[in-house]
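Each reported figure results from applying straightforward, stated rules to the coordinates on display, with no laboratory input. It should be emphasised that the depicted structure is a prediction, and the values quoted were computed from it without experimental measurement. Because the Cβ atoms are built from the backbone with ideal geometry, glycine has one as well, and the counts that use them run over all protein chains shown.
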Amino acid sequence: MNFTLKIWRQENSKAKGRFKTYKIENISPDCSFLEMLDILNEKLIHDKIELPVDPVAFDHDCREGICGMCSLYINGHPHGPEQGTTVCQVHMRKFQDGDTIVIEPWRAKAFPIIKDLMVDRSAFDKIIQEGGYISASTGGVPDANSILVSKEYADMAMDAAACIGCGACVAACKNASAMLFVAAKVSQFALLPQGHPEAKRRVQAMVSKMDELGFGSCTNTYACEAECPKNISVEHIARMNREFLKSKLTHAEKKRIGGFG
Amino acid sequence: MTSLSKKVFVSLAGLFLITFLLLHLSINLFILPITPNHEETFRQAVHFMTTSPLIKVMEVVLFAAFIIHIFFAVTLQIENWIARPRGYKVWQKSRTDSPFSKLAIYTGIFVLIFLIIHFMNFYFVKQGWVSPPEGAYEVADKHDFYNMALNLFNNPVYCVLYIVLIIVLGFHLHHAFQAGFQSLGLNHPIYTPIIKILGWIYSILVPLGFISIPLYFLIS
Amino acid sequence: MTQLNAKIPQGSLQEKWTNYKANQKLVNPANKRKFEIIVVGTGLAGASAASALGELGFNVKVFCIQDSPRRAHSISAQGGINAAKNYPNDGDSIWRLFYDTIKGGDFRSREANVYRLAEVSNNIIDQCVAQGVPFARDYAGYLDNRSFGGAQVSRTFYARGQTGQQLLLGAYGALSKEIKRGSVKMYTRHEMLDLVIVDGIARGIITRDTITGKIERFAAHAVIIATGGYGNVYFLSTNALNCNASAIWNCYKKGAFFANPAFVQIHPTCIPVHGDYQSKLTLMSESLRNDGRIWVPKKKEDVEAIRSKKLRAVDIPENDRDYFLERRYPAFGNLVPRDVASRAAKERCDAGYGIGPTGLAVYLDFSESIRRLGRDVIESRYGNLFQMYEKIVDENPYENPMMIFPAVHYTMGGLWVDYELQSTVPGLFVAGEANFSDHGANRLGASALMQGLADGYFILPYTLQNYLADQIGVQKFETDLPEFELAEKETIEKLQRLLAIQGKYSVATLHKKLGKIMWENVGMARDEARLKQAIEAIRSLKQEFWKEVYVPGSLTGVNDELLKANRLADYLELAELIAHDALLRNESCGCHFRVEYQSEDGEALRNDEEYKYVSCWEYQGEGVEPQLHKEPLEYEFVELKSRNYKV
């Protein structure tokens, strides 16, 4: 198969980027999208068509759809045309021979571009650091079966926990909102009894951080759900909204002085 | 204030407006000859709406709802534009992406324009700030909404404008109905699909109801 | 010559870890604040160690190569994590988990280490549940279990097909909590390039910021390496593309012994290779062998017909199918350990019964389970794996059996560590896949996650204190010591040398060549002649690399090719050590199968008389043969037997 690639090239975070066009030929339909880019980079390195040689920079790692590192916006879709799939699992057979493929980085104020198609998603880590966990210190926890979780709730929590933190939801959202990402974490812990003691603090802290980092807000277009490679549902956003409202109405943290022996 | 708090206000105010619209429509429909003494019913309803102290209070709430809804929606929208300073070359083509929600801010602007026209024609008249719309029917006083309406609907240009703007309102309502519930966190595996269906019904029937009035005048 | 001392505590097997903890030295809270610890890697072992040490009050610096600690390759583990909870009441116990692991490792691991692993396995499950890991549950709300290879009990806890992801996110959460608290400082997109040793003790590392290219120095009282395994030496493996051996290799070159490098696990259920452009192989979880049956056709003509696409798998009648694992190993059937399953598949393919376009694949068939349990049950158990298979192969595994073939997956070998997980360099600790400690010559399924978290949550927080207690009073280090300066200079020089070659081959081209040499000669079946050939071939490839590699760009800024070249330079040296170790081990054990040493029916023949030891390699300098040290393995508590999965 032959393709014309229009790829966003940007030297570094400060440089002004532009699209560059590359032709690529004889690609096997069984080749994955990232392997196709590998082939392009090999070509750039071997043939030294452009000088200085500068392979296209893109993030990738596990190449089996779980690490969440890959992040390409392809022809109007984060992770490309196949639903419920990260770009590393998209194969070229999903395209037509002769297609023009436009490859762009995630675009959001909170995800500044590092180089070409690589963006900085450390904002997600910062949101998690605000409370995307249960503060159980190591040791001193009860036997695993002393905490019962109904199968239904465990399954729903797992649905939310499947998030790979790739940022496709932000990339897809017209508002560059991180609601689906944040909601997946809030919802996972709202569904589990272990998460309840910290639930009210968690949701407020994470939402505030999300706003502070410059993500947009949710206007219920559900593009995030449509593009999520792990099919995470917007019902988790609703659950977060509910948790947030509950927390706002019933919870305010007081500063307490002393108290510990 | 966090974006989620703002959204809660937008949706609470919006859901209130949705309810109000139903009441508004049920009165408006009496402009049409749906009962033998429809004109009398309409006038009575208008009388009640303009004199009842309860309604006076609700009027304040209604204005507050409009202001809160518009203010926070616009603030959020501005923040959202800032959140993506540079857009994509290929515009987003996500599948379930509802155009109604995507365009909500724009349909909202048209609804606001409509609201201003509407105020010019009725509310400001009632307040005595502008003179009543002129036409074939003599407007007895600034509370004679029935004849004011007849004057407006006898103008085909007004009718067409009215119909177009109501359709746009329908788009806005379609987004609003279920988004309002979602923003308040009311999502449920059984009830949400029902809410979605209700949203469809509401956003089709209510605009149809409003449109039926100018349509009647255009045809007759 | 260094005397290897594994520092196994006194007492019976059951008492050793308790005794150790009772007698070890501790560091009081006020002193903990004065210590700095470096953790390299944020997989299960690294993230759990960093968070647990942060909780205790140490100052921890953590480094990872990805953009977030959550992306470490532990995330790809699918099937589950073992623990001796015995929740299903099917006869499990700490002893049985210990015994299965020792036996699964073909009696090439330390009794004391493995027993401790089994002992803390239960704490891991408790800890993870407390962290909110959504393990599978039954309708009553209790935890559910599944079976894995090499065991006759159901002791594997799982979270759909994403157990590694969920455990890692749990550890990542704990790490995030400590980052927020300020006890842990996180450095993402930093690749460790060298270890710094001051007065014989590990005191810091040299890193490169992969975005800016800046070379930096970091100092600490102790360094923990948790950078995973070295499977990517083989180019094609189930490892993530950025997994690499440079951290452990540089520690080796700085004096840490490398143990059992030849023990590389080949996982039986991977999606077969389909083209030379392929960048990696994808694993299909071992849990599939719970319900899937492995077979090839009995008749050669059926094989031909399938290869030429005249017949489909479903057209082959039951009687003409050879369920070779069930045939050869009636007691364990499809759930034999990985090395056994891989070799059996290879044996069938070598005999000409392999299917698929290349003849290098066997079937993994679910039709019987689907008939017995219904498609819904199979979908709920393995849905995501089936989906992944369909995406890659473009075939529906509910209708046609999956095609699978073995692939490099895990490395049991790694840096040598004693019972305290300390390497031969004082102050240098190694955790998770990066060390050699617990799996002997073959790892059982669902045990890698267990080991990573055991090391990080429950072992290092104790043993590290025992070490640091002797360091009280040692001031914080400055990075302007001459040792740091020298290490940084050497690192920069190596990178500059790579950039200066400007040859004609890309890194990937040469890496593929190395992969081919390794897979063909140092893969599933090894023999003396081919190992010797491999060593020659690796040496000449290494020369070619240093003459002909082409690395574009410069030291500054993003430069993936430079990273890859530097990693390949290390792989080329490590590859030789693997082959060398394989050559010297004149026996077949676990995954190390030497063709010369097999029984009449093709089973591995161990040689306990001569090879019941850990081979520990000491670096002697560039171009000098490394020195072999042997850590003898004493079996006080279990009887050495040849592994038997037949009855």
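Per residue of peptide A:51-61, the mean number of Cβ atoms on other chains within 10 Å of the residue Cβ is 5.
Structural descriptor for segment C:29-99: relative contact order 28 percent, calculated from alpha carbon pairs under 8 angstrom and at least 6 residues apart.
Over the Cα atoms of segment C:482-632, compute the convex hull volume and normalise it per residue, giving Å³.
131
Given in Å, the Rg to one decimal and the Dmax to the nearest whole number for the Cα atoms of chain C are 23.8, 77. Going from the residue with the fewest nearby Cβ atoms within 10 Å to the one with the most, C:276, A:59, C:350 rank C:276, C:350, A:59.
How many percent of DSSP beta bridges within the protein assembly as shown run antiparallel, rounded to 5? Expressed as a percentage, antiparallel bridges in the protein assembly as shown total about 70. Need one word for segment A:3-115: rounded, prolate or oblate. Basis is the Cα gyration tensor (sqrt eigenvalues a ≥ b ≥ c); a/c below 1.5 gives rounded, then a/b vs b/c decides. In terms of gyration-tensor shape, oblate. Helix B:53-83 axis versus longest C-alpha principal axis of chain B: approximately 30°, rounded to the nearest ten. Counting only DSSP beta bridges whose two residues both lie in chain C, roughly 70 percent are antiparallel. For residue C:614, the residues 5 or more places off, or on other chains, whose built amide H falls under 5 Å of its own are C:631, C:633. Helices in chain A, meaning DSSP H runs of at least 4 residues, each add -39500 (n - 2.57). Divided by all residues, the mean residue ellipticity at 222 nm is -10000 deg cm²/dmol. Per-residue packing, averaged as other Cβ atoms within 10 Å, sorts the ranges C:8-17, C:459-468, C:542-551, B:189-198 into the order C:459-468, C:542-551, C:8-17, B:189-198, beginning with the highest. Charge tally around residue C:557: other residues with Cβ under 13 Å, Lys/Arg +1 each, Asp/Glu -1 each, net -1. Charge tally around residue A:251: other residues with Cβ under 9 Å, Lys/Arg +1 each, Asp/Glu -1 each, net +3. When the Debye formula is applied to the Cα atoms of segment C:267-408, each taken as the same point scatterer, what base-10 log of I(q)/I(0) results at q = 0.15 Å⁻¹? Debye output, listed in q order: -0.70. Per-residue ellipticity at 222 nm computed for chain B from its helices equals -24500 deg cm²/dmol, with DSSP H segments shorter than 4 residues left out and the rest contributing -39,500 (n - 2.57). Only beta bridges with both residues in segment A:3-115 are counted; by DSSP, about 75 percent of them are antiparallel.
Which whole-number percent gives the relative contact order of chain C, counting Cα pairs below 8 Å spaced six or more residues apart? Averaging sequence separation for qualifying contacts and normalising by length gives 20 percent for chain C. Mean residue ellipticity at 222 nm, helices only, chain C: -11500 deg cm²/dmol; runs of at least 4 DSSP H residues each add -39,500 (n - 2.57), and the sum is divided by the number of residues. In angstrom, the C-alpha Rg and Dmax of segment C:293-337 are 11.8, 35.
If you build a Gaussian network model of chain A, linking Cα atoms that sit under 10 Å apart, which residue out of A:152, A:212, A:25 swings the most? The residue with the greatest mean-square fluctuation here is A:152. Note on C:166-179: average number of Cβ atoms from other chains within 10 Å of each residue's Cβ is 5.
Taking a span of 20 Å or more along the helix axis (Cα atoms) and a mean Kyte-Doolittle hydropathy of at least -1.0 as the rule, the DSSP H helices of chain C that qualify are C:111-130, C:163-181, C:375-393, C:482-501, C:507-521, C:528-548, C:560-584.
Each Cα pair under 8 Å and six or more residues apart adds its separation to the average, and for segment A:3-115 the resulting relative contact order is 33 percent. Peptide packing: for C:631-641, A:215-225, A:35-45, the average count of neighbouring Cβ atoms within 10 Å per residue gives the ranking A:215-225, A:35-45, C:631-641, highest mean first. The protection proxy used here, the mean number of other Cβ atoms lying within 10 Å of each residue, ranks peptides C:496-503, C:227-234 as follows, highest first: C:227-234, C:496-503.
The protein assembly as shown gives an Rg/Rh value of 1.04, both radii derived from C-alpha positions and Rh following Kirkwood. Taking the three principal axes of the alpha carbon atoms in segment A:102-261, the coordinate ranges are 59, 40, 32 Å, sorted in descending order. Over all Cα atoms in segment C:181-338, the spread is summed up by Rg and Dmax: 23.4, 70 Å.
Quick one: what are the phi-derived ³J(HN,Hα) couplings along segment C:589-596, Karplus 6.51/-1.76/1.60 with θ = phi - 60°, whole Hz, x for glycine and proline? For segment C:589-596, the Karplus-derived couplings read 8, x, 7, 8, 10, 9, 3, 5 Hz, x marking Gly and Pro. In vacuo Debye scattering of segment C:337-488, one point per C-alpha: log10 I(q)/I(0) at q = 0.11, 0.13 Å⁻¹? The Cα Debye sum returns log10 ratios of -0.70, -0.83.
Take each residue in B:179-185, count the other chain C-beta atoms within 10 Å of its C-beta, and the mean is 6. Taking a label point 7 Å from the Cα of residue A:198 along the Cα→Cβ vector, which residues of segment A:145-167 have an amide N closer than 17 Å to it? Correct set: A:161.
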